[in-house]
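Report on the following structure.
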Amino acid sequence: MALTFKPAATPTRVQDTASISIVQDTRGYNYTITLLPIPQPGSLVVSYMAQGKVYYLYDKGDGSIKGSDAAFGTGNINYTTGSVILTTGALPDADSEIIFAWGKATTTFTRAGLSISPAKVVLQLANQQIAPGT
């Protein structure tokens, strides 16, 4: 019997976060940050709050950062340096934060071509008088 499968997506783990604090004096539409360790392409999620509503922007895996609606904002990430340039679609609320969450590559390996040993159960009996195969 042969089993095959194809993963629905490349596995990533959110394991790193960073933020930019927004206070009255730092409110604006454009922000930059350098993320270390450098995010795995397609793993970065950016969130910010404007007028009490949270907006999400996603790294598309090609260096662009976009929301489900273009009005939420846009940005770019450089996968060589980890630098992010972000333009929010609305003015972030004072006393909030722009949150960056991302993952690094997971370690995976191909199991194709590996031999599979037959299943067996090994029992240790209290009485060793039983002959194998009986």
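Scanning the range 47-62 for residues that are open to solvent by less than 60 Å² (accessible area, probe 1.4 Å) and either charged (D, E, K, R) or at pLDDT below 95 (or both) yields Asp59, Gly61.
Per-residue answers, yes or no, for (1) open to solvent by 100 Å² or more (accessible area, probe 1.4 Å); (2) touching a residue at least 12 places away in the same chain (Cβ under 8 Å); (3) in contact with a Gly (Cβ under 8 Å, 6 or more places away or on another chain); (4) farther than 30 Å from Gln24 by Cβ:
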site: Val45; (1), (2), (3), (4): no, yes, no, no
site: Ser64; (1), (2), (3), (4): no, yes, yes, yes
site: Thr80; (1), (2), (3), (4): yes, yes, no, yes
site: Glu97; (1), (2), (3), (4): no, yes, no, no
site: Ala101; (1), (2), (3), (4): no, yes, no, no
site: Lys104; (1), (2), (3), (4): no, yes, no, yes
site: Phe109; (1), (2), (3), (4): yes, no, no, yes
site: Leu123; (1), (2), (3), (4): yes, no, no, yes
site: Ala131; (1), (2), (3), (4): no, no, no, yes
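Checked against (1) in contact with a strand residue (DSSP E or B) (Cβ under 8 Å, 6 or more places away or on another chain); (2) more than 30 Å from Tyr58 (Cα to Cα), Gly89 passes all but condition (2). Put simply, of Leu91, Leu86 the only residue that is at pLDDT 95 or above and open to solvent by 40 Å² or more (accessible area, probe 1.4 Å) is Leu91. Here Ala105 fits the description: closer than 19 Å to Ala18 by Cα, at pLDDT below 75 and not hydroxyl-bearing (Ser, Thr, Tyr).
The values are calculated or read from the model by the stated rules, or taken from the named source; none is laboratory data. These figures come from a predicted structure and were not determined experimentally. Heads up, the Cβs are rebuilt from the backbone with ideal geometry, glycines too, and the neighbour counts pull from every protein chain shown. For accessibility, only protein heavy atoms count, side chains too; no ligands or nucleic acids. Shrake-Rupley method; radii C 1.70, N 1.55, O 1.52, S 1.80 Å.
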